[in-house]
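Some notes on the structure that comes next.
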């Protein structure tokens, strides 16, 4: 080939490559939000856990910005996920009442809606429950498929399906491959870590080598059958039922509960007994290990060359889980770090890994993503702040963050919290009382420091009052009252599997109440 022809060919190739590079650089980055339900940060290696529960998450986080003190706006799924997707607190977006939170008003603008308007393909893949589209999460998503067994009219529970996480991941990966050539926004959610904890036997044996599920289950069934037939059960049987209460919902039937609980008092057995609580913690860690192993497929896909250099990935949990630290197991009713502290880590092209110690909130996710994709947000009403300065290594200014505990019908404003730096202030609406905790000297939040710090109490109470007024103003401008949604029988069965036992909400088609503003003393 003549030299001049070779030079012309190379020049054409260079021009083509440059054009492709320019086009690629002009293409908006993909956005992926991975929500891991009920995941406590302190149960991951990257956050200091001693057990090897999360090798894949730890490896992923080693190249991410890890927020060490992220807090959730609400310690239960429906309001928390909507706060992630709207940058509004639950008292503003309106989905806050348990067990039937209703549907978020369509006046609210979601992250999916903003990205869809900018040409993104939008897809959401969840495990159902309180992560269904009906509560408002569906706003802005082109794809939000039903789960196995669902129909447009009825929703079957797949939460007991042993392979649901793998199947959810498989359909997610197929969707990524379908839309990989255009900018996309993916929301992936799994309930896998949420109770009842039913990890594979091999993962339980990592912490309990002698555990044999079938043998133990056979004994458990025999004990419960004897209880139902005779009303009698020995102390060993009581402990076994309680151990498996968080494993397979053992003893949760109405008759079993009526017969079992007098026996707890008779034998002096409590759910907080170390052997019971230790089993639950082992099950929980085994769930994390199982989830971590399955997620490796998603991480591997996101690290392939066609996605790695143009994809923003946010990993977040909606809330944590209590294991007796403040007299409760689970989440929703208490405002302490075991329930409010959440996982938050972010990887983005050109962003160096680092750790951020300042207190942030899950309402900060949306403004951060919008800044990273260079989407204007001046016209949006957002209550969170962009964390992009922290991604650049700048110190964040101290800013208070707020949380609200689970609100039940007819008992709306139960507890409110403000966290600022080392301090957490909790207001109990029913008791009209407050508590103050110094997480620097008392990380377990066991000692009320109110008496020794009256000025701090008054300042944080003032912040809560100010936030109440801000929320009221945001309601009028950014939101609207929640709309009615009557759960079906299958919806209730699904929520029952998650441990939410309510029987009357299927008939309640009335709009849920908007969360009343707290009465914060004089």
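Below is a table of values for the structure above.
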quantity	calculated
Flag for residue 413 being under 23 Å from the mean Cα position of the chain (by Cα), part of a loop (DSSP other than H, G, I, E, B), within 26 Å of residue 477 (Cα to Cα) and at pLDDT below 95	yes
Residue 369 vs. criteria part of a helix (DSSP H, G or I) and either touching a residue at least 12 places away in the same chain (Cβ under 8 Å) or in contact with a helix residue (DSSP H, G or I) (Cβ under 7 Å, 6 or more places away or on another chain) (or both)	yes
Segment 151-172, residues that are at pLDDT 65 or above, surrounded by fewer than 19 Cβ atoms within 10 Å (Cβ to Cβ) and assigned to a loop (DSSP other than H, G, I, E, B)	160, 161, 162, 163
Meets criteria (surrounded by fewer than 22 Cβ atoms within 10 Å (Cβ to Cβ) and under 24 Å from the mean Cα position of the chain (by Cα)) for residue 175	yes
Enumerated helices (runs of 4 or more DSSP H) restricted to segment 14-104, each holding at least 1 residues that are modelled with pLDDT of 95 or more, within 19 Å of residue 370 (Cβ to Cβ) and assigned by TED's automatic domain parsing to the domain that holds residue 310	77-86, 90-93
Flag if residue 490 is touching a strand residue (DSSP E or B) at 6+ places or on another chain (Cβ under 9 Å) and in the same structural domain as residue 321 (by TED's automatic domain parsing)	no
Search result, residues across segment 294-343 that are part of a loop (DSSP other than H, G, I, E, B), at pLDDT below 95 and in contact with a helix residue (DSSP H, G or I) (Cβ under 8 Å, 6 or more places away or on another chain)	324, 325, 326, 331, 332
Failed condition for residue 78, given (1) under 26 Å from residue 489 (Cβ atoms); (2) without any contact (Cβ under 8 Å) to a residue 24 or more places away in the chain	(2)
Filtered residue count, segment 261-289, keeping only those that are assigned to a helix (DSSP H, G or I) and either at positive phi or out of contact with any strand residue (DSSP E or B) (no Cβ under 9 Å at 6 or more places or on another chain) (or both)	18
Condition broken by residue 436, with the remaining ones in (1) modelled with pLDDT of 95 or more; (2) part of a helix (DSSP H, G or I) satisfied	(2)
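The values are calculated or read from the model by the stated rules, or taken from the named source; none is laboratory data. These figures come from a predicted structure and were not determined experimentally. For neighbour counting, all protein chains shown are included, and Cβ atoms are generated from backbone atoms with ideal geometry for every residue, glycine included.
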